[in-house]
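Here the structure is laid out as structure tokens; the discussion comes afterwards.
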Amino acid sequence: MQMTCQDTFSRIVTDASLTPKQKSNYLALEAEASLPYPNVSSAVSQAMDSGIICDMFEGHAPFKPRYVLPDYAKYLTQGSKYLELEPARNLDEAINALTIIYHHVPSVTNIPVYLGRLDELLMPYVAKLDDETIYNKLRLFWIMLDRTLPDAFIHVNIGPSDNIICRTILRVDAELKQVAPNLTFMYDPDTTPDKLLQQATDNICECSKPHIANYPIHAQTFDDSGFGIVSCYNSLPLAGGANTLVRLNLKQVALLAIDTQDFFTNTLPYYCQLMYELIEARSRYLHEESHFFTSFLIEEGLIQETRFAPMFGIYGMAEAVNCLLGETKASSKSYGHCETANELGYRISAALDKIVKSTPVTYGYRDRALLHAQGGISLDKDVTPGVRIPYGTEPDPVTHIQALAEHHQYYSSGISEILTIDETVKSNPQAMYQLCKGALSLGLREFTANVASNDLVRVTGYMIKLSDIAAFKQGGSRTNTTGLGAEAVANTGILDRKPRVTSHEQAPCYES
Amino acid sequence: MLRVLEQASGDPVQQMKNERSATVTKILNFSCVDGPGNRLVIFLQGCNFDCKSCHNPHTIGQCDSCGLCIPSCPAQALSLHETDGSGLIHWDKDLCIECDACLQACPKQASPKTRQYTVTQLLAVIRKNSPFITGVTVSGGEASLQLMFIVGLFSALKSSPELQHLSCMLDTNGSLSESGWHKLLPYLDGAMVDLKAWQTETHKWLTGRDNHRVFRSIELLASRGKLYEVRLLHIPGKSDFDSEITALAGYLQRLPSSTKIRLNAFRHHGVKGEALEWQTCSETDMTVLAEGLTKLGITLVLPSAYL
Ligand code: SF4
Ligand code: SF4
């Protein structure tokens, strides 16, 4: 055991394709992995070993929440004692203060996953600055973010209202076409002018960003203190976040069921119960042992312990449905293509929703976990993220949206589909706009599209550059997520299909 | 989520129109290349031109249920309905693996995979997709061969309060007669017309028909403000847009400024017969023609990709 550990350490330390910082991260992960796992029953350990339940490689001793969404507005207006900063008085000071605090906001990847709803945050500091000055400042800020926080999980929110910061960020993002930061534009049919939505959907044609979030649906899910979209399409309470994410492989659960009835009455409830045991064990460690909730973020009121919730993730819906229906190979009767299969999927989502809404947890948002359609990680094989339709078998974008829209009401902490649009849309961006409006009007929480020829591609929810994948094989990448992307490309055949999105989050272990 | 079927508008004439049916080759829910915004595109079977360069030759003919395609199907998706005495070819969509072997096997440039739709049935499809689309485009084949069906469909759209915001477009080879256009114009928002060649001899050689009707259609549509787009398929060495560039540009210049002029590149995809020997249109070929036309004052829409 000792030897294996040391071998791994030395392989990491001498790996030619990692930077010193990336090496430090992997070393830390390995060190944490050498600690004992939180106490769970043997049933849970077995379910984890056989790949039915997965802790997303969050580590053995959770000492930081998975996602943290600080109240940056409060921070800017009150300054920070811990960081020895006065309240910001102008745009430069506000940007500078944000740049500083980003380096003190932890997450599962050690890099902040949420950078704030920047237009709302910065508008109070715009004063009389002219458009070009604002543009220049934001452009430099954007370049800084990509180069110093090079991880496609970091996420900026803008919208739904029309303002100069929002418009300028869209302009800068389309110009620079960077991997980081990831970007969500909030759309509210009551406040967002059509022209602004059009600018956002034009951007998608340029660089497959931003994602468009259905603001009214998200806002209804959370209270007046607000929410944010972080990492890859996870919506979480502002001034809080997710303490942990545990996910259930529905495909495996379906394989263990005798038939559909057995699935609903026995297998599914049983494994959900094991999920809760793991959620409790992990969040208890974080909240009770790790001393995370004594940090300056708490002391200065930027986060509140009661606004953290566990995310109850699921994936492999497509395989589960096909397995329960006895559909072994892709056909017009498979999930995504047939009413009967889709209906069974909705029933599963509704059953999960009922379980999650009725099961209390010790550390939750309103004492509950939040249901999440998990977007896959790079180590997944033969199992489709969330409730998505398997890669390469997706129908046209309209049929695709119609098949999945019904699920969206249930996944309060996030769900996303990835639509691949062929590049003819570039000379007719109005079509993208129309598709987006249709999708949101049908109740999609999040609209995400990839244009087939874009160099920027989403692999499991984060963005990578196709050119970076090629380069990574040669000599390593500056961007943390390219490694994940390259792995996902090799394991999941993601590029077999056209360029595309999937969603999601976690850095797996070194060379696992 | 039951949707109300087409409210039987009290109008008996429209009710009759709603019974009309057409042979549909395919319906696309999403297209960015058949008019403004996202289009629901309905392809109707059958064409009166016989273009050597056709990219969808299986849309030209009408199936007569001869059954010759049946043995070519690897998935047993095709059969003749002998039992009900109709003797019609039957295509089982669920078994079909979309290999298109049947299209290769058919001697009549037809397809066993078509379906009859009434106007009422198509309205249901359109209603289901309406939040996603800017409008409906009827294409082909040559759609105008089933003119009265299109008139029925478009007039129904225009008189439906929930669907009348959708624009109604036609994709055509321009062969429709003037009296035909007059039946359609009240319900038509715009047309995309293919001009296959400038000289009538060239046009005849490429399509089997001369192009006088095509020019007449273009001019009629232009005068009514309904000429959305003119499409030129550039086949290097075969079409004559480069050799006749001055005359062509002069003509195009007289069209309304709102009319888009789209250049399409000839490819081998789907093509059968002698045209497979022809050289495809490269990006360079296209650039040469495009620069020539631009110099003569024509604004163009160019292909976004070359295959
Ligand atoms: S598609 Fe062609 S081969 Fe098949 S039955 Fe019809 S006409 Fe005959
Ligand atoms: S495309 Fe034609 S030949 Fe191929 S499976 Fe379908 S019906 Fe059969």
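The values are calculated or read from the model by the stated rules, or taken from the named source; none is laboratory data. Model, not experiment: these values are computed from the prediction. Neighbour counts run over all protein chains shown; Cβ positions are idealised from the backbone, glycine included. To get the accessible areas, we keep the full protein, side chains included, count just its heavy atoms, and leave off ligands, DNA and RNA. Shrake-Rupley method; radii C 1.70, N 1.55, O 1.52, S 1.80 Å.
Condition test on B:Lys158, is it over 26 Å from A:Met432 (Cβ atoms), surrounded by fewer than 16 Cβ atoms within 10 Å (Cβ to Cβ), within 16 Å of ligand 1 (Cβ to nearest atom) and at pLDDT 90 or above? Here the answer is no, as B:Lys158 does not meet what is asked.
When the residues of the range A:40-58 are filtered to those that are at positive phi and surrounded by fewer than 20 Cβ atoms within 10 Å (Cβ to Cβ), the one that is modelled with the lowest pLDDT is A:Phe57.
Tallying residues that are away from every other protein chain (no Cβ under 14 Å) and touching a Phe, Trp or Tyr at 6+ places or on another chain (Cβ under 7 Å) within the range A:311-351 yields 8.
With a requirement of 2 or more residues that are more than 23 Å from the chain's Cα centre (by Cα) and free of Cβ contacts under 8 Å to residues at least 24 places away in the same chain, the helices (runs of 4 or more DSSP H) lying completely within the range A:27-115 that satisfy it span A:42-49, A:91-102. The lone criterion from (1) outside the structural domain of B:Cys47 (by TED's automatic domain parsing); (2) free of Cβ contacts under 8 Å to residues at least 24 places away in the same chain left unmet by B:Ile89 is number (2). Looking across the range A:383-433, the residues that are touching a Phe, Trp or Tyr at 6+ places or on another chain (Cβ under 6 Å) and open to solvent by 30 Å² or more (accessible area, probe 1.4 Å) come down to A:Asp396, A:Glu406. The set of residues in the range A:326-360 being of a type in the set (A, V, I, L, M) and in a loop (DSSP other than H, G, I, E, B) consists of A:Ala330 alone. Can you confirm whether the range B:44-51 contains a residue that is in a loop (DSSP other than H, G, I, E, B) and within 14 Å of ligand 1 (Cβ to nearest atom)? There is at least one residue in the range B:44-51 that is in a loop (DSSP other than H, G, I, E, B) and within 14 Å of ligand 1 (Cβ to nearest atom). Looking at B:Cys63 and the list (1) in a loop (DSSP other than H, G, I, E, B); (2) in contact with a strand residue (DSSP E or B) (Cβ under 8 Å, 6 or more places away or on another chain); (3) over 30 Å from B:His203 (Cα atoms), which single condition is not satisfied? Every listed condition holds for B:Cys63 apart from (3). The residues of the range A:372-408 that are at positive phi and touching a helix residue (DSSP H, G or I) at 6+ places or on another chain (Cβ under 9 Å), listed by number, are A:Gly376, A:Asp382, A:Gly386. The set of residues in the range A:124-155 being open to solvent by 80 Å² or more (accessible area, probe 1.4 Å) and aliphatic (A, V, I, L, M) consists of A:Ala127, A:Leu140. On the stretch given as the range B:61-79, residues that are open to solvent by 20 Å² or more (accessible area, probe 1.4 Å) and near ligand 1 (Cβ under 6 Å from one of its atoms) total 5.
The single condition among (1) away from chain A (no Cβ under 14 Å); (2) under 23 Å from the mean Cα position of the chain (by Cα) that B:Ile261 does not meet is (1). Helices (runs of 4 or more DSSP H) fully within the range B:173-244 that include at least 2 residues being small (Gly, Ala, Ser): B:178-184, B:212-223. Screening the range B:99-119 for residues that are more than 9 Å from ligand 2 (Cβ to nearest atom) and farther than 13 Å from B:Thr59 by Cα and picking the one that is surrounded by the fewest Cβ atoms within 10 Å (Cβ to Cβ) gives B:Gln116. Checking each residue in the range B:67-86 for being near ligand 2 (Cβ under 6 Å from one of its atoms) and either within 14 Å of chain A (Cβ to nearest Cβ) or closer than 23 Å to A:Glu339 by Cα (or both) picks out B:Ala75, B:Ala77.
Restricting the search to the range A:291-325, which residues are of a type outside the set (Ser, Thr, Tyr), open to solvent by 10 Å² or more (accessible area, probe 1.4 Å), under 27 Å from A:Leu83 (Cα atoms) and part of a loop (DSSP other than H, G, I, E, B)? The answer is A:His291, A:Glu300, A:Gly301, A:Gln304.
Scanning the range A:326-361 for residues that are at positive phi and crowded, with 18+ Cβ neighbours inside 10 Å yields a single hit, A:Gly336.
Are any residues in the range A:1-26 part of a helix (DSSP H, G or I), among the charged types (D, E, K, R) and surrounded by fewer than 16 Cβ atoms within 10 Å (Cβ to Cβ), and if so, which ones? A:Asp7, A:Arg11, A:Lys21 - these are the residues of the range A:1-26 that are part of a helix (DSSP H, G or I), among the charged types (D, E, K, R) and surrounded by fewer than 16 Cβ atoms within 10 Å (Cβ to Cβ). Consider the range B:96-121 and keep the residues that are of a type in the set (A, V, I, L, M) and free of Cβ contacts under 8 Å to residues at least 40 places away in the same chain. The one that is farthest from ligand 1 (Cβ to nearest atom) is B:Ile97.
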